[in-house]
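Trainee: Okay, handing you the structure first.
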Ligand code: NAD
């Protein structure tokens with residue numbers, strides 16, 4: 001029997017098969033989880049559909065209280081969750097603890113929200129109000145880079161507003177999602193929260209099923225396109241948070257030490273497997289030498305190792321496929337630029353890539369043009385500040401970007417020309433449940449977080465009263 005069960009219709013279940021889960025620090029399985037068949041997924045959809053009206057009929061305060069209890073349960077189990085997160089995902093324990101704590105923070109944030117009716121006209125002729133109602137069954141499909149947090153920040157707004165929720169975890173990181181399912185079992189009515197695992201084969205059951213009203217998807221752009229295509233058959237509501245290739249632009253007057261420290265903090269967090277990581281850094285030629293030296297000395301301090309070992313700052317890549325892909329970016333680093341820190345894949349078990357810094361590289365290298373999702377940062381020199389904005393924008397992606405300068409007005413002027421959903425100034429990657437988060441271009445569709453993000457889990461119904 002698998003060590004971890006799925007939550008379907010209020011019961012922990014073994015499903016139809018088992019899936020081994022590999023610890024990326026060793027390359028060996030460390031546990032097994034229950035896995036769903038198509039019939040299990042259909043059962044979850046039916047249960048979620050049947051339970052949803054009763055949940056929506058409950059007072060908002062009851063749904064808010066249930067979410068608060070889930071956040072408390074996560075806090076109470078934080079040590080176990082964080083350790084397990086390291087074992088399934090690979091990140092350093094400190095980052096796993098932060099992800100666990102952040103999951104509770106996001107849930108509590110949503111638990112304190114509501115969507116009150118909004119009056120849009122109120123005069124002698126009409127009284128018109130917009131009301132927010134639940135959509136029905138919401139599916140959350142999540143990736144493997146933040147397997148605990150991303151599911152939690154989809155679950156919370158969905159159930160807050162009276163929807164039921166089906167969470168399909170990524171097959172290589174299903175364990176912490178199932179642990180959340182177990183906690184949710186004792187908090188929510190049967191069918192309101194369901195947590196399932198597949199082998200990358202059941203996403204399409206959710207995205208094409210007529211009884212699923214909305215898909216909240218986080219993952220790669222190619223899969224996002226497939227989700228959108230499948231969802232078209234029943235015109236589902238969609239939120240797509242997809243890939244990115246965030247550029248940072250360092251202006252000549254940037255603070256070198258501060259920029260180096262923060263840029264490295266963003267680019268190498270979670271071994272570079274962050275949608276909103278800094279993925280290419282453009283540095284003005286007047287400070288290029290100094291900046292490369294400062295960055296290299298920061299990167300040299302990043303200890304690579306098992307996330308459970310004390311002192312580890314960068315863990316392994318999450319899975320074998322991503323590891324193989326990262327090696328092709330290492331080849332590009334050596335072929336197209338000059339490696340000044342790291343530069344090797346570590347042999348002997350585990351998916352380890354040394355934190356790597358590459359200079360004297362340019363646009364046209366796959367390391368610069370593609371989303372590398374690995375701890376390898378290219379640093380590119382530029383001469384013309386007007387030209388560099390076009391280079392930053394010359395990507396199909398538009399998730400985030402950053403500008404680094406001691407002159408904030410100048411930085412804002414550059415930031416306003418970057419084609420992305422977020423632009424940070426003198427930092428990169430900061431996000432939170434109150435900050436609207438969205439991708440421009442092929443980085444996504446719709447918004448998560450903030451009031452706008454919340455409304456995407458609701459159907460807006462306008463009730464228009466004639467006073468004549
Ligand atoms: P992925 O697209 O391969 O998988 C994401 C999820 O989709 C998994 O649960 C997978 O099982 C499921 N899936 C696969 N095929 C499907 C289909 N046909 N229909 C429905 N679901 C399907 O992504 P990944 O490799 O797990 O994650 C890495 C990617 O996610 C990167 O591109 C990264 O930038 C992106 N990401 C984006 C954000 C963001 O908020 N924009 C956050 C984290 C990760």
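Trainee: What are the pairs, 6+ residues apart or on separate chains, where a residue within the range 369-382 that is within 10 Å of the ligand (Cβ to nearest atom) has its Cβ under 7 Å from a residue that is part of a strand (DSSP E or B)?
Mentor: Between residues of the range 369-382 that are within 10 Å of the ligand (Cβ to nearest atom) and residues that are part of a strand (DSSP E or B), the close pairs are 371/279; 371/397.
Trainee: Something else now. Tell me, which strands (runs of 3 or more DSSP E) wholly within the range 2-67 include 3 or more residues that are surrounded by 15 or more Cβ atoms within 10 Å (Cβ to Cβ)?
Mentor: 6-8, 17-23, 28-35
Trainee: Tell me which residues, restricted to the range 215-225, are within 8 Å of the ligand (Cβ to nearest atom) and in a helix (DSSP H, G or I).
Mentor: 221, 222, 223, 224, listed by residue number.
Trainee: Would it be correct to say that residue 241 is at pLDDT 95 or above and more than 7 Å from the ligand (Cβ to nearest atom)?
Mentor: Numbers: at pLDDT 95 or above: yes; more than 7 Å from the ligand (Cβ to nearest atom): no.
For residue 241, the condition - at pLDDT 95 or above and more than 7 Å from the ligand (Cβ to nearest atom) - is not met.
Trainee: Look through 313, 262 and report the one residue that is out of contact with any helix residue (DSSP H, G or I) (no Cβ under 8 Å at 6 or more places or on another chain), more than 15 Å from the ligand (Cβ to nearest atom) and closer than 30 Å to residue 387 by Cβ.
Mentor: On inspection, the qualifying residue turns out to be 262.
Trainee: Only residues that are over 17 Å from residue 371 (Cβ atoms) and within 11 Å of the ligand (Cβ to nearest atom): list them for the range 410-436, please.
Mentor: Within the range 410-436, the subset over 17 Å from residue 371 (Cβ atoms) is 410-417, 423-427, 430-436.
Within the range 410-436, 431 is the sole residue that qualifies.
Trainee: Another question about this same structure. Of the residues that make up the range 248-257, is at least one assigned by TED's automatic domain parsing to the domain that holds residue 394, more than 22 Å from residue 146 (Cβ to Cβ) and either part of a helix (DSSP H, G or I) or within 16 Å of the ligand (Cβ to nearest atom) (or both)?
Mentor: Yes: one or more hits.
Trainee: Out of the range 265-308, which residues are more than 16 Å from the ligand (Cβ to nearest atom) and not in a helix (DSSP H, G or I)?
Mentor: Once the filter is applied, which keeps residues that are more than 16 Å from the ligand (Cβ to nearest atom) and not in a helix (DSSP H, G or I), the range 265-308 yields 281, 282, 283, 284, 301, 302, 303, 304, 305, 306, 307, 308.
Trainee: From the list 212, 205, pick out the single residue that is more than 9 Å from the ligand (Cβ to nearest atom) and either at pLDDT below 95 or touching a helix residue (DSSP H, G or I) at 6+ places or on another chain (Cβ under 9 Å) (or both).
Mentor: Exactly one of 212, 205 is more than 9 Å from the ligand (Cβ to nearest atom) and either at pLDDT below 95 or touching a helix residue (DSSP H, G or I) at 6+ places or on another chain (Cβ under 9 Å) (or both), namely 212.
Trainee: Regarding residue 368, is this residue assigned by TED's automatic domain parsing to the domain that holds residue 137 and either touching a helix residue (DSSP H, G or I) at 6+ places or on another chain (Cβ under 9 Å) or modelled with pLDDT of 95 or more (or both)? Walk me through how you get there before you give the answer.
Mentor: Details: assigned by TED's automatic domain parsing to the domain that holds residue 137: no; either touching a helix residue (DSSP H, G or I) at 6+ places or on another chain (Cβ under 9 Å) or modelled with pLDDT of 95 or more (or both): yes.
So residue 368 does not fit the description; no.
Trainee: Those residues that are surrounded by fewer than 20 Cβ atoms within 10 Å (Cβ to Cβ) and more than 15 Å from residue 281 (Cβ to Cβ), I need them from the range 340-363; list them, please.
Mentor: If the condition is that a residue be surrounded by fewer than 20 Cβ atoms within 10 Å (Cβ to Cβ) and more than 15 Å from residue 281 (Cβ to Cβ), then 343, 344, 345, 346, 347, 348, 349, 354 are the ones that fit.
The values are calculated or read from the model by the stated rules, or taken from the named source; none is laboratory data. Quick caveat: nothing in here was measured; it's all calculated off a predicted structure. Here the Cβ is made from the backbone with ideal geometry for all residues, glycine too, and neighbour counts use every protein chain on show.
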